[in-house]
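*Asks:* Mind looking over this structure? Questions follow.
The values are calculated or read from the model by the stated rules, or taken from the named source; none is laboratory data. What you see is a predicted model; the values in this text were computed from it and never measured. Every residue, glycine among them, receives a Cβ derived from its backbone with ideal geometry; neighbour counts consider all protein chains shown.
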Amino acid sequence: MSKKRKVVLFIAASLDGYIATEDESLEWLFRVEGEGDNGTLEFYDSIDTLVMGRRTYEWIIHNEPGEFPYKDKQCYVFTRSPMENTEDVTFVNEDVTQFVEKLRQQDGGDIWMVGGGDLLKSFLEARLIDEITVTVAPVLLGKGIPLFKEGEYETELVLKRVRNFNQFAELKYELKKDKT
């Protein structure tokens, strides 16, 4: 019997809770002295599927020119606009909960909820996230794109692990599930 796949958020944020500046820059993140790959490869090897919103996908295409960085994984992009699938990406315009539950039932590794904010809010409100790993950078941005958008998803978490990678602090949480 195969285990049910987990949906995980793995993301970096400033100490004051922003994932990017207002103009979507991550330059502040790359100036922080880390250690090796800051745990990214270990995480990446645990997943085989990515889900993201269209704006996150477009940011990746614009800011990471060249070969699509997730060619070796199944990649789904949620969008409200009709878009043609590519060899690397399947575009999805379905109910988030039903789609994710179908993915969970398939054999495979964990599912990485990459971003963005609107999609993450939908995932949290539908209680689709199982784990959150935030790598905190010792930077205060003061304003920018928040890690978590305001929403109806009050959730308790259980701290599972704390690690540091030089100046970065990695916090891994499991979300408590309702006992209904």
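*Asks:* If I filter region 81-92 for residues that are small (Gly, Ala, Ser) and either surrounded by 13 or more Cβ atoms within 10 Å (Cβ to Cβ) or within 22 Å of ALA126 (Cβ to Cβ) (or both), do I get at least one hit? Give the derivation first.
*Replies:* Of the residues in region 81-92, the ones small (Gly, Ala, Ser) are 81.
Keeping just the survivors that are either surrounded by 13 or more Cβ atoms within 10 Å (Cβ to Cβ) or within 22 Å of ALA126 (Cβ to Cβ) (or both) gives 81.
Yes, the conditions are met somewhere in region 81-92.
*Asks:* OK, next. Has region 137-151 got any residue that is exposed (fewer than 14 other Cβ atoms within 10 Å of the Cβ), without any contact (Cβ under 8 Å) to a residue 12 or more places away in the chain, part of a loop (DSSP other than H, G, I, E, B) and out of contact with any helix residue (DSSP H, G or I) (no Cβ under 9 Å at 6 or more places or on another chain)?
*Replies:* Within region 137-151, not a single residue is exposed (fewer than 14 other Cβ atoms within 10 Å of the Cβ), without any contact (Cβ under 8 Å) to a residue 12 or more places away in the chain, part of a loop (DSSP other than H, G, I, E, B) and out of contact with any helix residue (DSSP H, G or I) (no Cβ under 9 Å at 6 or more places or on another chain).
*Asks:* Here is a check on your reading of the model: is GLY115 within 19 Å of the chain's Cα centre (by Cα) and at positive phi?
*Replies:* The answer is yes for GLY115.
*Asks:* Is region 107-118 home to any residue that is part of a helix (DSSP H, G or I), modelled with pLDDT of 95 or more, of a type outside the set (Gly, Ala, Ser) and closer than 25 Å to LEU41 by Cα? Explain how you work it out, then say what you get.
*Replies:* Pass one, region 107-118, residues part of a helix (DSSP H, G or I): 117-118.
Now narrow it down to the ones that are modelled with pLDDT of 95 or more: none.
Among the residues of region 107-118, not one is part of a helix (DSSP H, G or I), modelled with pLDDT of 95 or more, of a type outside the set (Gly, Ala, Ser) and closer than 25 Å to LEU41 by Cα, which makes the answer no.
*Asks:* How many residues does region 1-34 hold that are in a loop (DSSP other than H, G, I, E, B) and either in contact with a His (Cβ under 6 Å, 6 or more places away or on another chain) or of a type in the set (D, E, K, R) (or both)? Full working, then the answer.
*Replies:* Our first condition is that a residue be in a loop (DSSP other than H, G, I, E, B); within region 1-34, this holds for 1-6, 15-17, 21-26, 31-34.
Narrowing further to those that are either in contact with a His (Cβ under 6 Å, 6 or more places away or on another chain) or of a type in the set (D, E, K, R) (or both): 3-6, 16, 22-24, 31, 33.
Here the count works out to 10.
*Asks:* How many residues, within region 29-39, are within 18 Å of ILE60 (Cβ to Cβ) and touching a Ser or Thr at 6+ places or on another chain (Cβ under 9 Å)?
*Replies:* 1
*Asks:* Where residues in region 93-107 are surrounded by 15 or more Cβ atoms within 10 Å (Cβ to Cβ) and in contact (Cβ under 8 Å) with a residue 60 or more places away in the chain, which of them is farthest from ILE61 (Cα to Cα)?
*Replies:* From region 93-107, those surrounded by 15 or more Cβ atoms within 10 Å (Cβ to Cβ) are 96, 99-100, 103-104; that's our starting set.
Then keep just the ones that are in contact (Cβ under 8 Å) with a residue 60 or more places away in the chain; that gives 100, 103-104.
Numbers: VAL100: 24, LEU103: 24, ARG104: 27 Å.
Filtering region 93-107 for residues that are surrounded by 15 or more Cβ atoms within 10 Å (Cβ to Cβ) and in contact (Cβ under 8 Å) with a residue 60 or more places away in the chain, the one farthest from ILE61 (Cα to Cα) comes out as ARG104.
*Asks:* If you don't mind, there's one more thing I want to ask. Regarding region 35-42, can at least one residue be identified that is at pLDDT 95 or above and either surrounded by 17 or more Cβ atoms within 10 Å (Cβ to Cβ) or assigned to a loop (DSSP other than H, G, I, E, B) (or both)?
*Replies:* For region 35-42, residues at pLDDT 95 or above and either surrounded by 17 or more Cβ atoms within 10 Å (Cβ to Cβ) or assigned to a loop (DSSP other than H, G, I, E, B) (or both): absent.
*Asks:* In addition: What's the number of the condition ILE47 fails, among (1) under 21 Å from ALA20 (Cα atoms); (2) out of contact with any Lys or Arg (no Cβ under 6 Å at 6 or more places or on another chain); (3) buried (at least 19 other Cβ atoms within 10 Å of the Cβ)?
*Replies:* Result: ILE47 fails condition (1) only.
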